[in-house]
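Heads up: the structure comes next, in structure tokens.
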Amino acid sequence: MTVTCGIDWASDHHDVALIDHEGTLLSRARINDDLEGLHQLLSLLTAHGDSANTLIPVAIETSRGLLVACLRATGRPVYAINPMAAARYRDRHTVTRKKSDHLDAMVLANILRTDKAAHRPLPDDSELARAIAVLARAQQDAVWDRTQAGNKLRSHLRECFPGFLATFQHNREGISSNVARVLLAAAPTPEQAARLTRVQLRSLLKRAGRQRGIEAEAERLRDALRIPQMRQPPQVEQAMGRQAIALLRQLDAACTSVDDLAEATVESFDTHPDAEVITSFPGLGALTGARVLAEIGDDRSRFTDARGLKAFAGAAPVTRASGRSLAVMARRVKNQRLASVGYVWAFASLTASPGARAHYDRRRADGDRHTAAQRNLFNRMLGCLHHCLTKRTRYDELAAFPAPSTPQLTIAA
């Protein structure tokens, strides 16, 4: 008798349902989200035939959390069912649109009973790969937080200190640079900034880590900060200066998190066996390579061929055909993090790989727009990456982008 388990999870408790191959409910329970609840769940599974040789598969609507980690540690297959897919399955069991945690657990168990082949268990990635995934995703989140914090501060300074934005508008990092943040912390209002002397500016530049051109930069900052500009009333300006300091603290914390997590990510990624293969590709460094590994993992059985990887990354198009209508469009349902790093990867490879540049130019000449051409290049690179990781070989430019063969000319007798 085949038994399947469904778990409807929550923040403090989980509903469990076990059914047999005919859909009959064998047992149900509500467990707490703690060690006692885990022991209760394992005992329930054991009572219905769970053993080392016949592990009962579990369906749950998340791939994260301590419960999922502990279930994966037992070696059993865990299926992370998309909540939208589970909602569609619910309509097969009730037409009254009723909903309960117990019903959701039964729906998940029935998904494995009827359509197990249509779903895949969580990949069996190594512990190191999962640790890299945690660090790489956290670093990417920190980058997005830094961008958001910088936008908030920039919007605020536009209302009270536009001269500061003009002073750093040509800086590549803008107000997120060390010099800009140190200077704003010392003088958050136009009045305070205009009173800064050359000696104070030189000291602030050194504190920010500037080592060259300090005298010239101090002179430039002094002149730029004394240019007349529109001002708020004095008391309002002081209040907005205090607000600027508060926003600056958020930006400082985000910048520190980005640097610390990037260092930890690269350090862990360099110790992974796949790092050498991944970084051999043009346009992929240690940090971007870690982001790629974080999303595809190191379980080679996860993607049976390159087509699955391309669809997972959103690089392969999707076809919609019905009757006489046929549409080929960009894939919307995808791994957004992998698609994001894929854009950076494809863009960087244009200058690092002559073959990638030629491929991009051909796509543009055929009528593709910039984004579509880059997505097609990313699609090509993913196919090469899947081959190299499967064969444990480094990237080869001539194999990835072979030179077009020259047609042979024949002379008639």
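The values are calculated or read from the model by the stated rules, or taken from the named source; none is laboratory data. Here the structure is a predicted model, which means the values were calculated and not measured. Backbone-built Cβ (ideal geometry, glycine too); neighbour counts: all protein chains shown. Surface accessibility is based on the protein's heavy atoms, side chains included, excluding ligands, DNA and RNA. Shrake-Rupley method; radii C 1.70, N 1.55, O 1.52, S 1.80 Å.
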Q. Where does the charge balance sit around A138 when Lys and Arg score +1, Asp and Glu -1, over other residues with C-beta under 15 Å from its C-beta?
A. -1
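Once the Cβ-Cβ distance between V236 and T256 is put in as r, and R0 is 41 Å, what FRET efficiency do you end up with, to the nearest 0.05? All intermediate terms of the calculation are to be shown ahead of the outcome.
On the way: r = 31 Å, r/R0 = 0.75.
It comes out at approximately 0.85.
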Q: Quick one: Debye curve from the alpha-carbon atoms of the range 343-383 only, equal weights, vacuum; give me log10 I(q)/I(0) at q = 0.27, 0.32 Å⁻¹ to two decimals.
A: -0.87, -1.18
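From the P(r) of the range 281-393, can you give the percent of Cα pairs sitting at distances over 23 Å? Spell out each step's value before the answer.
Values: 1825 of 6328 pairs.
Percentage above 23 Å: 29.
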(Q) Run the Debye formula on the Cα coordinates of the range 118-197, all scatterers equal and no solvent, and tell me log10 I(q)/I(0) at q = 0.13, 0.15, 0.18 1/Å. (A) -0.56, -0.64, -0.79
Q. In a Debye calculation with equal point scatterers on the alpha-carbon sites of the range 192-275 and no solvent, what is log10 I(q)/I(0) at q = 0.15, 0.16, 0.26 Å⁻¹?
A. -0.81, -0.87, -1.16
Q. Spin-label point model (7 Å from Cα, Cβ direction): what's the S322 to D361 distance in nm?
A. 4.3
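Beyond 22 Å, what share of the Cα-Cα pairs of the range 175-324 is found? Please give it as a whole percent.
Numbers: 7021 of 11175 pairs.
Result: 63 percent of Cα pairs exceed 22 Å.
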Q: Only Lys, Arg, Asp and Glu count, each charged at its Cβ (+1, +1, -1, -1), so figure out the dipole size of the range 107-242 about its Cα centre, rounded to 20 debye.
A: 360
(Q) Could you sort K116, K391 by their accessible area in this structure, using a 1.4 Å probe and putting the largest first? (A) K391, K116
Q.
If I stretch the segment between D124 and H170 completely, what's the gain in nm (0.36 nm per residue apart, minus their alpha carbon distance), one decimal?
A. 11.8 nm
(Q) If I take all pairs of Cα atoms in the range 263-332, what percentage of them are more than 19 Å from each other? (A) 49
Q. So what's the angle, to the nearest 10 degrees on a 0 to 90 scale, between helix 127-160 and the longest Cα principal axis of the chain?
A. 40
Q. How far is helix 336-352 tilted off the main Cα axis of the chain, in degrees rounded to 10, range 0 to 90?
A. 60
**Q.** HN-Hα J in Hz across the range 204-221 - Karplus 6.51, -1.76, 1.60, θ = phi - 60°, x for Gly and Pro
**A.** 5, 5, 5, 5, 7, x, 6, 10, 10, x, 5, 4, 5, 5, 5, 5, 5, 5
Q: Specify the angular offset, from 0 to 90 degrees and rounded to the nearest 10, of the alpha carbon long axis of helix 354-365 from the longest principal axis of the alpha carbons in the chain.
A: 90
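Among DSSP beta bridges lying fully in the chain, give the percent that are antiparallel, nearest 5. Mind dumping the intermediate values first?
On the way: 19 of 25 bridges.
Just about 75 percent of them are antiparallel.
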Q: With just the Cα atoms of the chain, tell me how far they stretch along each of the three principal axes, in Å, largest first.
A: 88, 83, 48
Q: Keeping every protein chain in place, order H386, H14, H93 by accessible area at 1.4 Å, biggest value first, i.e. largest first.
A: H93, H386, H14
Q. If you average 1/r over all unlike Cα pairs in the range 10-110 and invert the result, what Kirkwood radius do you get in angstrom?
A. 14.1
